[in-house]
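Below: the structure, in structure tokens.
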Amino acid sequence: MTSSAAVDRFFQVAIENVSDAIEVTDATGHFAYVNPAWERLTGYSAAEAVGKTPRLLRSNYHSEEYYDDAYRSVVEQGAWSGELVSRRKDGKLIFTLVSLTSVYDPDGRARHRVAVRRDLTGELSRIREHADRFALAMLATRDGLSDWDIATGEVFTSERWKEITGVDHAPAELAQWFQAALHPDDAGRFGAELSLHLEGRDRFFEAEFRMIRPDGAVVHLEHRAITVRDDEGNAVRVVAALADVTERKATERRLFHGATHDGLTDLPNRSLFVDHVRAAIGRASRVDGPAFSLLYIDLRHFKSVNDAYGHAAGDALLRSIARRLQATVRPGDSLARLGGDEFAVLLDGVVSEDVADAAARRILRQLERPHEIDGSNLVISATIGVTLGDAHSDVDQLVRAADSAMYEARRSDRHPVALSTDGTAAASHRRARMVGALRDALAARAIDVVYQPIVRVRGNGLVGAEALARWTHPELGVVPPSEFVPLAEESQLAGRLGAVVLERTLDDLGRWIEDGLIGPDFVVHVNVSPHQLLDPRLLSHLARLSAAGRLPPGRLCLEITETALVGRPEAVVQTIEAARAYGVTFALDDFGTGYSSLSHLRRFAVSTVKIDRSFVMQLPGDPVSREIVAGLLTMTRALGMSVVAEGVEGTEHERWLDDLGCHLAQGYLYAKPAPVAAFNAWVRENQQRTGVPVA
């Protein structure tokens with residue numbers, strides 16, 4: 001064998017034993033030679049291939065442009081390499097990496113083309129197997145995965161990530177969308193924490209935040225990330241897992257709510273209320289002196305409800321009371337059920353005894369309204385202990401002080417609200433002293449009466465006046481009605497106080513009539529307490545006054561509060577009917593704040609209602625109050641009753657009342673309550689100023 005022949009034989013043996021498939025095409029593009037590896041790869045024999053073109057293996061897996069680009073490269077550049085998917089004889093696809101080179105003759109013409117095919121099918125299968133496993137792992141986890149390329153700003157995400165967030169934007173848009181979708185309350189904190197992390201050198205980052213999905217739903221998310229940094233420590237990629245923890249957060253809230261709230265009423269329990277009080281004490285460090293008030297509420301005779309109606313009715317009553325309390329306290333106040341029939345209220349910012357007392361009485365009025373339980377109207381009363389707190393207060397001491405005050409109120413059995421402050425002893429001494437002083441003042445008829453005119457809205461013509469008691473003690477000074485009137489109630493002096501005021505008022509009325517100061521339709525209003533209304537001595541007193549000619553028929557109107565209409569309604573009806581026989585009419589005071597209803601008005605035969613000032617004051621700026629007043633006017637007008645609006649302090653209030661059809665009013669806009677001499681002067685001046693005679 002010649003040397004050349006030996007070399008040729010060597011290359012032939014090598015070509016036939018290599019693992020890559022080799023094919024040779026001639027100048028016409030037909031197979032001239034294929035090696036055994038090519039036969040194994042394609043399934044065709046050399047005899048079947050030679051004389052055929054490479055189209056024998058064409059799978060059409062690629063586009064026509066792909067094939068055209070490969071052929072153009074071979075023709076113009078003499079070579080091409082790339083991935084090529086071909087089809088075996090049995091129809092299966094084979095993935096190959098092809099390197100194709102042209103062999104030229106001395107004239108520069110392509111004589112042959114040699115292609116080497118490397119089978120990638122097995123390798124791709126293994127890659128695909130790994131990819132499938134990775135995809136299965138991604139499907140198995142409930143977390144959404146993301147890869148943020150910080151340099152390009154692109155974010156690549158898994159399908160689960162898209163499900164959680166509700167978006168499927170392009171990678172280049174996701175980073176900006178993510179930032180905009182953060183909940184406004186969490187965006188600043190999350191951005192600051194992420195910025196600090198990216199500037200640092202730690203790898204791990206965790207955060208919880210809320211996101212607003214495109215559908216408007218707010219989801220709670222848990223974000224755990226690993227940051228990839230370059231050799232200089234700069235963050236280049238952030239690979240993160242995003243978990244939807246909305247349900248877990250809801251469960252945590254439910255568990256926390258159950259641990260801190262009463263199961264029956266859903267009010268905060270004692271534990272949470274104590275936390276609220278501690279927080280109020282902490283806030284109190286910003287102010288000097290008292291900063292809040294604590295009310296301790298105890299329901300009276302609640303056990304009798306359970307005994308008479310059963311525990312189910314008792315539970316329903318407790319829930320009704322809880323709803324009343326929630327509707328009565330301000331949005332910022334804290335309310336709790338401490339257990340059994342005891343409740344507590346934290347009034348933040350209420351720093352005076354008077355305001356706290358007024359708040360407690362407002363709560364009492366609401367609680368004492370009938371509760372409709374299983375078709376029955378249940379009436380419950382309560383006692384309230386009140387204490388003030390400051391920055392130096394102790395929670396336990398505050399609660400005990402309010403609790404002690406509540407028991408003091410319960411023992412008195414007359415005054416449902418008791419105040420417990422640092423001046424409790426002095427106040428107790430003052431009250432004891434005042435009882436004696438008030439008794440002496442009543443015996444000496446040393447109670448003054450002042451009058452506030454009731455006028456027509458149009459023209460301010462005088463139609464009546466309300467008589468109000470005033471008391472000035474030589475040593476105690478001016479004692480406000482808010483102090484001595486309740487004191488008279490709890491010391492059994494209310495009847496005597498009412499009698500003195502009534503007699504003083506009728507004496508003044510007689511002089512007005514005699515002097516011609518008032519017209520024939522002028523009516524004077526005198527307040528009567530619930531206790532006085534049910535006291536048989538009231539009717540006896542009216543009878544004596546009428547017999548003595550001191551009670552002009554149709555001139556006296558007794559004002560009763562809505563609390564007088566419950567408790568003993570049949571007795572109230574009898575009293576009203578008996579008093580009407582003496583020409584006395586009745587007005588319902590503070591109308592709209594208590595038990596007012598059409599049935600009450602018709603049953604108790606009142607001729608006048610007085611709209612509470614709380615509605616009047618809100619007329620200019622509150623459409624709801626205007627609707628309420630309009631409804632009250634419609635109801636009373638249908639019953640033929642007159643209506644007086646109380647607390648008119650500005651012309652805008654008067655204008656709204658006139659527009660709504662309320663034509664009688666009283667308030668500071670017209671005159672403040674004044675002693676009889678000043679009232680007489682006002683009547684004359686008003687007649688001269690308006691030219692309108694009195695009614």
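The values are calculated or read from the model by the stated rules, or taken from the named source; none is laboratory data. Computed from a prediction, not measured in an experiment: that's the story for all the values here. Positions of Cβ are backbone-derived with ideal geometry, glycine not excepted, and every protein chain shown enters the neighbour counts.
General remarks:
- Residue check for A327: surrounded by fewer than 19 Cβ atoms within 10 Å (Cβ to Cβ), hydrophobic (A, V, I, L, M, F, W, C) and at pLDDT 90 or above: yes
- Lone unmet requirement of (1) in contact with a strand residue (DSSP E or B) (Cβ under 6 Å, 6 or more places away or on another chain); (2) not in a strand (DSSP E or B) for Y71: (1)
- Hits in the stretch 372-402 - residues which are closer than 22 Å to V277 by Cα and either surrounded by fewer than 20 Cβ atoms within 10 Å (Cβ to Cβ) or free of Cβ contacts under 8 Å to residues at least 12 places away in the same chain (or both): D390, A391, H392, D394, V395, D396, Q397, R400
- Answer residue from the stretch 80-102, given it is among the charged types (D, E, K, R) and in a strand (DSSP E or B) and is nearest to E39 (Cα to Cα) among those: R87
- For the stretch 609-641, the set of residues classified as closer than 16 Å to A665 by Cα and part of a helix (DSSP H, G or I) consists of R613, S614, F615, V616, M617, R626, V629, A630, L632, L633, T636, R637, listed by residue number.
- Candidates G519, G554, G549, filtered to the one that is free of Cβ contacts under 8 Å to residues at least 12 places away in the same chain and part of a loop (DSSP other than H, G, I, E, B): G549
- Complete set of residues in the stretch 66-102 that are among the β-branched types (V, I, T) and either in contact with a Gly (Cβ under 8 Å, 6 or more places away or on another chain) or surrounded by 13 or more Cβ atoms within 10 Å (Cβ to Cβ) (or both): V74, V85, I94, T96, V98, T101
Residue-wise test of (1) over 23 Å from T561 (Cβ atoms); (2) outside the structural domain of V274 (by TED's automatic domain parsing); (3) assigned to a strand (DSSP E or B).
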residue: R319; (1), (2), (3): yes, no, no
residue: A344; (1), (2), (3): yes, no, yes
residue: L347; (1), (2), (3): yes, no, yes
residue: V351; (1), (2), (3): yes, no, no
residue: I363; (1), (2), (3): no, no, no
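- Any hit, the stretch 492-500, residues being among the small types (G, A, S), over 25 Å from R362 (Cβ atoms) and touching a residue at least 24 places away in the same chain (Cβ under 8 Å): yes
- Number of positions in the stretch 103-116 that are farther than 28 Å from E16 by Cβ and surrounded by 16 or more Cβ atoms within 10 Å (Cβ to Cβ): 0
- Candidate set: the stretch 627-648, residues that are surrounded by fewer than 18 Cβ atoms within 10 Å (Cβ to Cβ) and under 33 Å from the mean Cα position of the chain (by Cα); chosen: the one farthest from E466 (Cα to Cα): E627
- Test: residue in the stretch 664-677 that is in a helix (DSSP H, G or I), of a type outside the set (V, I, T) and free of Cβ contacts under 8 Å to residues at least 40 places away in the same chain: yes
- Looking at I297, I281, just one residue is over 22 Å from the mean Cα position of the chain (by Cα), β-branched (V, I, T), in the same structural domain as A313 (by TED's automatic domain parsing) and not in a helix (DSSP H, G or I), and that residue is I297.
- Some residue of the stretch 420-431 being of a type outside the set (S, T, Y), on the phi < 0 side of the Ramachandran plot, at pLDDT 90 or above and exposed (fewer than 13 other Cβ atoms within 10 Å of the Cβ): no
- For first residues located in the stretch 204-229 and within 13 Å of W148 (Cα to Cα), partners that are among the hydroxyl-bearing types (S, T, Y) and in a strand (DSSP E or B) and lie 6+ apart or on another chain with Cβ distances below 9 Å form the pairs A225/S146.
- The conditions of being of a type in the set (D, E, K, R) and not in a strand (DSSP E or B) are not met by R337.
- Considering only residues in the stretch 257-278 that are aliphatic (A, V, I, L, M) and not in a loop (DSSP other than H, G, I, E, B), the one that is farthest from L335 (Cα to Cα) turns out to be A259.
A quick yes/no check of all residues on (1) of a type in the set (G, A, S); (2) on the phi < 0 side of the Ramachandran plot; (3) buried (at least 21 other Cβ atoms within 10 Å of the Cβ):
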| site | (1), (2), (3) |
| --- | --- |
| F292 | no, yes, yes |
| G310 | yes, no, no |
| A316 | yes, yes, no |
| E342 | no, yes, no |
| L347 | no, yes, yes |
| R361 | no, yes, no |
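- Number of positions in the stretch 18-48 that are under 17 Å from I94 (Cα atoms), of a type outside the set (S, T, N, Q) and part of a helix (DSSP H, G or I): 6
- Condition met for L438 (at pLDDT 90 or above and either part of a helix (DSSP H, G or I) or within 21 Å of L367 (Cβ to Cβ) (or both)): yes
- Leading residue by the ranking (surrounded by the most Cβ atoms within 10 Å (Cβ to Cβ)) among those in the stretch 219-242 that are farther than 20 Å from G153 by Cα and touching a helix residue (DSSP H, G or I) at 6+ places or on another chain (Cβ under 8 Å): L221
- Exactly one residue out of F302, F273, F292, F256 is out of contact with any His (no Cβ under 7 Å at 6 or more places or on another chain), of a type in the set (F, W, Y) and not assigned by TED's automatic domain parsing to the domain that holds T328: that is F256.
- Answer residue from the stretch 165-177, given it is outside any loop (DSSP other than H, G, I, E, B) and at pLDDT 90 or above and is surrounded by the fewest Cβ atoms within 10 Å (Cβ to Cβ) among those: W177
- Scanning the stretch 657-674 for residues that are surrounded by 17 or more Cβ atoms within 10 Å (Cβ to Cβ) and over 27 Å from L468 (Cα atoms) yields a total of 1.
- Exclusive hit being modelled with pLDDT of 85 or more and either under 20 Å from I226 (Cβ atoms) or outside the structural domain of D69 (by TED's automatic domain parsing) (or both), set E159, E154: E154
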